[in-house]
Amino acid sequence: MAGPAQRFRFPCIAGGIAVLLVAVLLSACQGYQNMAKSPASDTFLSGVPRELTLVSYNIRTGIGIASPGTSPYHTQFWKKSLPRVAAAIRSTSADIVAVQELLEGQEEELGRLLGMNYAYARHGIVGPGDWWGVGVLSKFPITSSFRDVISTGSGNTRSNAVVTVEIDGSPHVFISIHKDNDLGDGVSIDRTADTANEFLGPVSVMGDFNLWPDDPIMKKMPKKLSDSADHVDTPGSRELKRIGTLNGTHHADHGGRVDSIWIDPRFYEVLDTYLMDKGHWDASDHYGVVLRVRVKQEN
């Protein structure tokens, strides 16, 4: 069943211009689609805490590692292999996936291939950024989704997908982010933090931040959230930090970690985090980040 249209954040404009703008926004918005059977709640009902596998994955529109360094904008009409991307995601046994560098419609195809519910948000509506976006795939029912603008301008227009998922009767919010690579003013992270702070319950920010973990701008992230890679010291977490998330020596920053999952430790206990299996690294120019958490039970 299709969900309601996304909520848009934009300033009020008087008169006919406002009507026209609203019409354009509503005609261009995307909602969400629930098509998967919800996982059984037996563990929850029996008092055993739910464990979840979260994944963040920049899929490079499905073109894999072809023509290293080429902007996704110039590859819109290249041959894509979403089954290869779906296989990579399937290998992680993911419950929730934050996806970046999606072309519109790819979220639906990935949902169909994986049997997962999906939501999508364009970076822009008309003009800059209207050709791609970010999304969330979920094995659990999606109850709401909206597009949250975090930056604007030619070549710099970006939006987050803010998606609420119902897990064992409780709302969990997952924000899929792909921050612009050029903007260094920190406004994108400020806006992301503002939205995350609006939610009192479980919220996670997952995606391609285009920032190193120690970049001062990352200090603008909500104080209630923390980088999941810092929660455990395991072979997987050490490899994640050592190898980074950028695939291939063609990346000038090969070996750096720009993709991460930020969680609220009041609601999630981190069990492990690691990179997607090497057998699927050729599906994109980013490595998928996998996080296993246990949902903390309310007192």
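We did not get these values from a lab; they are worked out from the coordinates using the rules stated. On a predicted model such as this, the values are computed, not experimentally measured, just so you know. Note that each Cβ is placed from the backbone with ideal geometry, even for glycine, and that neighbours are counted across all protein chains shown.
Couple of notes before you dig in:
- Cα gyration tensor, the stretch 155-299 - rounded (a/c under 1.5), prolate or oblate: oblate
- Counting 0.36 nm for each residue step from Asp182 to Ser67 and taking away their Cα separation leaves a gain of 39.3 nm.
- By the count of neighbouring beta-carbon atoms within 10 Å, fewest first, Met206, Met276, Met221 end up ordered Met221, Met276, Met206.
- As a rough footprinting exposure proxy, the listed residues Ile59, Ile65, Ile243, Ile261 were ranked by other beta carbons within 10 Å of their own, and the order from fewest upward is Ile65, Ile243, Ile261, Ile59.
- FRET efficiency, Gln297 to Lys79 (Cβ-Cβ, R0 45 Å, nearest 0.05): 0.45
- Shape box of the stretch 84-151 [Cα atoms, principal axes, largest first, Å]: 35, 27, 17
- Shown for Glu107, Glu269, Glu101, Glu198: other C-beta atoms within 10 Å of each C-beta, ranked fewest to most, produce the order Glu198, Glu269, Glu101, Glu107.
- Gyration tensor verdict on the stretch 179-254 (Cα atoms; rounded if a/c is under 1.5, prolate if a/b is larger than b/c, oblate otherwise): oblate
- Cross-link pairs beyond the 25 Å C-alpha cut-off, checked among Lys179/Lys223; Lys139/Lys241; Lys79/Lys278: Lys139/Lys241
- Cα gyration tensor shape of the stretch 78-195, rounded if a/c is under 1.5, else prolate or oblate by comparing a/b with b/c: oblate
- For the stretch 158-199 versus the stretch 277-299, the spacing of their alpha-carbon centroids is 18 Å.
- Taking every DSSP bridge with both residues inside the stretch 92-239, close to 80 percent are antiparallel.
- Distribution of pairwise C-alpha distances over the stretch 221-290, 5 Å bins, in %: 3, 17, 26, 23, 16, 10, 4, 1
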